1. List the residue pairs whose Cβ atoms are under 7 Å apart, where the first residue sits in the range 175-203 and is assigned to a loop (DSSP other than H, G, I, E, B), the second is surrounded by fewer than 22 Cβ atoms within 10 Å (Cβ to Cβ) and of a type in the set (D, E), and the two are 6 or more positions apart or on different chains.
2. Would you be able to tell me the number of residues in the range 101-115 that are under 15 Å from the mean Cα position of the chain (by Cα) and surrounded by fewer than 24 Cβ atoms within 10 Å (Cβ to Cβ)?
3. Does G125 meet the test of being touching a strand residue (DSSP E or B) at 6+ places or on another chain (Cβ under 6 Å) and within 24 Å of D196 (Cα to Cα)?
4. Would you pick out the residues in the range 161-201 that are among the aromatic types (F, W, Y), at pLDDT 90 or above and surrounded by fewer than 16 Cβ atoms within 10 Å (Cβ to Cβ)?
5. I'd like the full set of residues that are out of contact with any Gly (no Cβ under 6 Å at 6 or more places or on another chain), charged (D, E, K, R) and either without any contact (Cβ under 8 Å) to a residue 60 or more places away in the chain or within 22 Å of I262 (Cβ to Cβ) (or both), limited to the range 54-107.
6. Among the residues of the range 135-156 satisfying the criterion of being at positive phi and in contact (Cβ under 8 Å) with a residue 60 or more places away in the chain, which is surrounded by the most Cβ atoms within 10 Å (Cβ to Cβ)?
7. Among the listed residues L11, L33, L6, L15, identify the single one that is farther than 18 Å from L266 by Cβ, assigned to a helix (DSSP H, G or I) and either among the β-branched types (V, I, T) or at pLDDT below 95 (or both).
8. Which residue, of Q235, Q231, Q215, is of a type outside the set (A, V, I, L, M), within 16 Å of L148 (Cβ to Cβ) and at pLDDT below 80?
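The values are calculated or read from the model by the stated rules, or taken from the named source; none is laboratory data. All figures in this text were calculated on a predicted structure; none of them were measured in a lab. When we count neighbours, we look across all protein chains shown, and the Cβ atoms used for this are built from the backbone with ideal geometry, even at glycine.
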Amino acid sequence: MGPPLLRSLLLLLILLAAPGVRAEALVLLPGYLEDGGAWRESGVTAELAAAGWRDGGNLLPARGGVRIAGGERMGNRRFYTVSLPTEAPLLTQLQALEPLLAWVRAQHRDETLALAGHSAGGVLGRLYLVRHPEAGIDALVTIASPHLGTDTAELGLLAGQTPLAWLAPFVGGETLNRSQGLYYDLSGTRPGGFLDWLNHQPHPEALYVSIVRRQDGLLGIGDVVVPPRSQDMNQVPALHGRARTWTVDGLHTLERADGRRILEALALLWRT
């Protein structure tokens, strides 16, 4: 039995033996230019399934409700992926996310509910907690998320304000123009900006876990999109000293090991 399989088995035993409160539902939030499939293609959901979680399907906003693609309707512990307009500003993404999480909460009334977000999805998850403390989110796990912004967004914003923006539709770069609002949101903590506002808002009581990619980690490259300091929720003024921070090797993209890290984070919740 190899180390990864042994580790998954130990996590499964923790899940089965942990007393008291248990995370019954987990919603996985996509990052920029991702959809719910990113969590599946990376192997994250396979790790969750190996630990006994059932796939609740991929949730999409629909007129008058929620559309569910695939998944199972049975099982005490379920994870859901969601598809959102990830090129849009975060407040627009929030409007698309709200009915999806309201639906999940209705399915898991009085149960523990956790969010995990990759990249910009982690910031979106934090925005949801701030705007909806009444939802009773018990845990937020963020992976390589730009809580203090990123120079990559600054560059995208700058490119959109130059003559390059006029050429974008002709060279397949429409995303550059569609993403200007999001780039502005994530371009830093300038006074009066979106992140400056969010980072000073009261955050509800919850388990906050930051999974931080080293900048010079894997193959000497690491995460070149978001600086490690920006990924750490303890650097957010409203969360200083309240978050757990795990620093790992890896690129900015999701990887299978993130599934095990999410499970380890949720195990902390069950032990409290």
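1. From residues that are assigned to a loop (DSSP other than H, G, I, E, B), the pairs are S179/E87; S187/E154; G188/E154; T189/D196; R190/D196.
2. 1
3. yes
4. Within the range 161-201, W197 is the sole residue that qualifies.
5. R63, R67, E72, R73, R77, E98, R105
6. The residue in question is A144.
7. Within the list L11, L33, L6, L15, the selection yields L6.
8. Of the residues listed, the single one that is of a type outside the set (A, V, I, L, M), within 16 Å of L148 (Cβ to Cβ) and at pLDDT below 80 is Q215.
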